[in-house]
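Some notes on the structure that comes next.
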Amino acid sequence: MGGFRLNQQQKNELPKTIKINWRTYKIIVKDTVSGGDNYLGFVNNNEGFIELRKDGENNSKRISFLHEVVHSILYYAGNKLKRDEDFIEMMANGIYQVMKENPEIVKWIIKENE
Ligand SMILES: [Zn+2]
């Protein structure tokens, strides 16, 4: 038997870290996030980690993850919108929709050598 194993990207698993601004955040998937039972995600910008709740429908889980990322982006921008949950949820949903429906555009945006 060949020892063929899919790499993380081929399996499409959530990676263990994400780089936001200068910092590498740990990604922790768990039953209950630090914010409490009503929360799907949680970010700690001082210590550099994002928690994501294990259960939940896949799309809302991904949007919750983006939600925490947007919190962090605004944190590093020093923008007061970093605490505006409505704004952040709107951005997370909008980014998700555009990325989801335009994978070729996402590839074009991140392509470095042109
Ligand atoms: Zn939030």
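What follows draws every value from the coordinates through simple rules; no lab data is involved. Everything quoted here is computed from the prediction, not taken from an experiment. Cβ coordinates were reconstructed from backbone atoms using ideal geometry, including for glycine residues, and neighbour counts include every protein chain displayed.
Inverting the pair-averaged 1/r between distinct Cα atoms of the stretch 74-114 gives 11.9 Å as its Kirkwood hydrodynamic radius.
Note on the chain: helix-only mean residue ellipticity at 222 nm, from DSSP H runs of 4+ residues weighted -39500 (n - 2.57) and normalised by residue number, equals -13500 deg cm²/dmol. Entry note, the chain: relative contact order of 16 percent, from Cα contacts under 8 Å with a spacing of 6+ residues. When the chain is treated as a Gaussian network with alpha carbon springs shorter than 10 Å, the biggest mean-square fluctuation among L52, L14, L40 belongs to L14. In this structure the amide hydrogen of I28, modeled in the peptide plane, comes within under 5 Å of the amide hydrogens of I50, E51, L52, none closer than 5 places in sequence on its chain. For the peptides 97-104, 24-31, the ranking by packing is 24-31, 97-104, with the highest mean count of neighbouring Cβ atoms within 10 Å listed first. Sequentially through the stretch 19-36, phi angles give Karplus couplings (6.51, -1.76, 1.60; θ = phi - 60°) of 8, 10, 6, 8, 10, 9, 8, 7, 10, 10, 9, 8, 5, 10, 8, 4, x, x Hz, Gly and Pro residues having no value and appearing as x. In terms of other Cβ atoms within 10 Å, Y96, Y76 run from fewest to most in the order Y76, Y96. Taking the chain as the region of interest, the number of lysine pairs whose Cα atoms are within less than 19 Å, with members eight or more places apart or on different chains, is 18.
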